[in-house]
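The structure appears right after this line, and notes come after that.
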Amino acid sequence: MKKIKQILITSRPQQITKNFLVLVPLFFTINIWFNQEDISGMMAIILKSLFAFLISILMSSAIYYINDLLDINQDKNHPRKKNRPIAKGDISINLAIVIASILIASSLIFSTIISYQMFLATFIYLILNILYSLYLKNLAIVDILCISASFVIRAIMGSIAIDHSLIIINENPVELDLTISPWLYVVTGLGSLMLAIGKRRSEIKNLKQPINYKQRLVLSKYSIPFLESILNVVSSATLICYTLYSFNSESNSNVPENNSMMITIPFVAFGILRYIYLIHHDNKGETPEKILISDFPTIINIILWIIAGSTILMLGRI
């Protein structure tokens, strides 16, 4: 039982919130699939999206195992990471390799069930994160761009899962065009980049001076003033791009033509400002995933955004 617990801990269950990005494309097409008469077709779309969500969880868990295996020596010198099961010795290196291999094989095999595009996206996610763990994480700016790219790939996986789904209309199969607006990927990339910058800032803030190179080499290449400067730029760009998306009613977007999606802008603005407040006031940027499940104002804000967004999308379709 203890061994199973250590295996689950290494899989980072608290990081599952990051994989919810796979479900975002499903949310932004709710005005298309929810209003269809074919209930079984609707359920098929939802199940495909949830299947992609499972694939993302399996692959991201595999990456955590790979990362812990490659960073085992550095983690032993980290005040918090030294208690990770692999670094502590609770999980042997051989067992960790076996588990990582099973997780990788499972996610790649499952991805082929959806489509070859899903397999390709999953494989690219794997390669990117392996390169990140091996070398790219030590390159300033490149490291946070890689983190951002991983989030974008998750959103792409969610889009691939539901695109060109079939439903039955008047007893005839019809292929739904669920193509996602490019603005969604831009906002996802910028938003995740903002989180990565905040994470680096908090990591530096939490380290004792001088910076311990054994803990994370790339931190020695950053400074808090620099990170705060680019955080201001990226957070502003995130809000601007989301605002532009809310007004985007072209054929490749599901946003209602009456621009009613702009009602959700205040929720996004509050979320960005709340995050910046938390990393400055409480220095919580090192674990942004905990903010989503522990900060009450953020949780309420997300719920209100979901309610407002889904209502606008569905009513805009009528």
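The values are calculated or read from the model by the stated rules, or taken from the named source; none is laboratory data. Given the structure is predicted, the values throughout are model-derived calculations rather than measurements. Counting neighbours? That spans all protein chains shown, and the Cβs are built from the backbone with ideal geometry, glycine included.
Remarks
- Applying the condition of being buried (at least 16 other Cβ atoms within 10 Å of the Cβ) and among the charged types (D, E, K, R) to region 267-287 and asking which residue is modelled with the highest pLDDT yields K284.
- Condition met for S40 (surrounded by 14 or more Cβ atoms within 10 Å (Cβ to Cβ) and hydroxyl-bearing (S, T, Y)): no
- Within region 276-318, the set of residues being under 19 Å from I16 (Cα atoms), in a helix (DSSP H, G or I) and not aliphatic (A, V, I, L, M) comprises P288, E289, K290, S294, F296, T298.
- Subset tally (residues that are surrounded by 14 or more Cβ atoms within 10 Å (Cβ to Cβ) and under 10 Å from I55 (Cβ atoms)) for region 86-120: 8
- Between K137, K48, the distinction of being charged (D, E, K, R), farther than 26 Å from Q6 by Cα and assigned to a helix (DSSP H, G or I) belongs to K48 only.
- For L227, the conditions (1) surrounded by fewer than 18 Cβ atoms within 10 Å (Cβ to Cβ); (2) under 19 Å from I144 (Cα atoms) are fulfilled apart from (1).
- Residue that is nearest to S11 (Cα to Cα) [pool: residues in region 54-101 that are assigned to a helix (DSSP H, G or I) and of a type in the set (D, E)]: D68
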